[in-house]
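Novice: Sharing a structure here in structure tokens format.
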Amino acid sequence: MAIIIEEERKQYSRLLSGVVWITVGVILLLAVYYVFFKRPDIIEISGPADFEEIEGLLEIRIAPEEVVQSPAFQGLKLYASPLAPSTQGKTNPFLGR
């Protein structure tokens with residue numbers, strides 16, 4: 001006499017697991033398609049009407065030495081004193097003690 005340890009699976013259980021696997025497969029295929037093969041639609045965005053006036057800013061060239069030596073820059077005052085270097089902490093914090 002044989003002893004049955006497992007219960008018999010019902011027919012709808014196999015059907016449900018098949019539907020779940022097919023759904024997971026379809027979702028994975030759709031994800032692969034949208035990530036690797038779908039080309040995004042290109043959206044053209046037009047700028048404001050006065051955007052052409054801003055193009056003149058592209059032609060401006062600023063030389064740092066001219067700015068530093070200008071009278072307006074030389075006339076600026078320093079209101080904060082420079083900070084002194086701190087001696088706290090280790091010289092190399094990644095070394096042990």
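Novice: Give region 25-51 a look and list any residue that's under 28 Å from the mean Cα position of the chain (by Cα) and assigned to a helix (DSSP H, G or I), or say none.
Specialist: Residues satisfying the conditions are Ile27, Leu28, Leu29, Leu30, Ala31, Val32, Tyr33, Tyr34, Val35, Phe36, Phe37.
Novice: Out of (1) surrounded by 10 or more Cβ atoms within 10 Å (Cβ to Cβ); (2) modelled with pLDDT of 90 or more, what's the single condition that is false for Ile54?
Specialist: (2)
Novice: Separate question: If you go through region 64-78 one residue at a time, do you hit one that is part of a helix (DSSP H, G or I), in contact with a helix residue (DSSP H, G or I) (Cβ under 7 Å, 6 or more places away or on another chain) and of a type outside the set (Asp, Glu)? Outline the logic, then answer.
Specialist: If we filter region 64-78 for residues that are part of a helix (DSSP H, G or I), which is where we start, we get 64-68, 71-74.
From what's left, in contact with a helix residue (DSSP H, G or I) (Cβ under 7 Å, 6 or more places away or on another chain): 67, 73.
Remaining after also requiring of a type outside the set (Asp, Glu): 67, 73.
Scanning region 64-78 turns up at least one residue that is part of a helix (DSSP H, G or I), in contact with a helix residue (DSSP H, G or I) (Cβ under 7 Å, 6 or more places away or on another chain) and of a type outside the set (Asp, Glu).
The values are calculated or read from the model by the stated rules, or taken from the named source; none is laboratory data. As the structure is a prediction and not an experimental result, all values here were calculated from the model. All Cβ positions, even for glycine, are placed from backbone atoms using ideal geometry, and neighbour counts span all protein chains on display.
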